[in-house]
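Reviewing the structure listed below.
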Amino acid sequence: MANPQVFKRMFKSSPFQWVLTATGIFYGYLVALTSRLDRPAPPPGGPFVLAMWHGRLFMLDFLRPTGRAIVTLISGHRDGLLISRIAYFGTLGKIRTVTGSSSRGGSKAIRELVRHAHAGESIFVTPDGPRGPNMRAQRGVIEIARLAKLPILPVSASAKRRTQRKSWDRFMVPYPFTRVAVRWGEPIHVDAGADADALLAQLEAALTACQRAADEAVGGDPEPVDVDMRPALQATRDGRRDAKIS
């Protein structure tokens, strides 16, 4: 019987990671080519800081109605790097990534995102990523929008035929030959002296409403929200994970 450590080393190896990348690209193309897409036009204007809950990250490519490139923040963890390769090669460079975090040690990554924003590009973040809690926004997204001088555009996507992992974010993977719905919120403007806590509450409500609308559009049940998750745990994480930009 093979040692579990052998499987771990194999999974971490570069050849195996590229096999996973190729598999992810093929599956993404299959879903995109066989799905029926319900995607209204987004609000006028832009560029924006596009924001979507982490659990719907697989459907990021459905958020590009004009076909323009977007730049997204991806964790430097092995899973994040895998998603980064799939996104870049699977969209022929239309989804570019910045490796880092909007929380711990993320100052350099945020500055890189801001540089892209100042060049006129839309950027994408998952306000509850990369570690959660699920559907609870972190302050990093407010800081990114403030520095980039861009409004935050809440958005979500859902699929009628899908599976969801038993992970902290209930990560959704659509099946081929399904119906996909995208729903947009209204832009949230971040002024220099705005109350960050009030903006986070507004953003969470908007993102959850977008996700509920997308779920209902495909005939699915809305994602449950743990209303008791935020206070003490979130305050601790916010203090530890807030991005500090000089």
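Criterion applied to ALA109, ALA51 was being within 18 Å of the chain's Cα centre (by Cα), crowded, with 21+ Cβ neighbours inside 10 Å, small (Gly, Ala, Ser) and modelled with pLDDT of 90 or more, and the one residue passing it is ALA51.
Got a sec? Which of VAL182, VAL218 is under 16 Å from the mean Cα position of the chain (by Cα), among the β-branched types (Val, Ile, Thr), modelled with pLDDT of 95 or more and farther than 16 Å from PRO127 by Cα?
Values: VAL218 fails: under 16 Å from the mean Cα position of the chain (by Cα).
Every option except VAL182 fails the conditions.
With PRO176, PRO151 as the choices, which residue is at pLDDT 90 or above, farther than 26 Å from ALA32 by Cα and of a type outside the set (A, V, I, L, M)? Result: PRO151 is the single residue among PRO176, PRO151 that is at pLDDT 90 or above, farther than 26 Å from ALA32 by Cα and of a type outside the set (A, V, I, L, M).
For THR97, are the conditions met, namely being among the polar types (S, T, N, Q), modelled with pLDDT of 80 or more and part of a helix (DSSP H, G or I)? Judged against the criteria, THR97 is not a match. The single condition from (1) within 20 Å of ARG161 (Cβ to Cβ); (2) in a helix (DSSP H, G or I); (3) in contact (Cβ under 8 Å) with a residue 24 or more places away in the chain that ILE83 fails is (1). When residues in region 31-41 are screened for being within 18 Å of ILE95 (Cα to Cα) and surrounded by 12 or more Cβ atoms within 10 Å (Cβ to Cβ), 2 of them pass.
Among all residues of region 12-32, there is none that is modelled with pLDDT of 80 or more and in a loop (DSSP other than H, G, I, E, B).
Scanning region 104-141 for residues that are over 21 Å from ALA201 (Cβ atoms), in contact (Cβ under 8 Å) with a residue 60 or more places away in the chain and not in a strand (DSSP E or B) yields a count of 9. Which condition from (1) at pLDDT below 90; (2) closer than 15 Å to ARG183 by Cα; (3) not acidic (Asp, Glu) is the one that PRO42 breaks? PRO42 satisfies all of (1) at pLDDT below 90; (2) closer than 15 Å to ARG183 by Cα; (3) not acidic (Asp, Glu) except (1).
The values are calculated or read from the model by the stated rules, or taken from the named source; none is laboratory data. Remember, it's a predicted structure, so these values are computed and weren't measured experimentally. Positions of Cβ are backbone-derived with ideal geometry, glycine not excepted, and every protein chain shown enters the neighbour counts.
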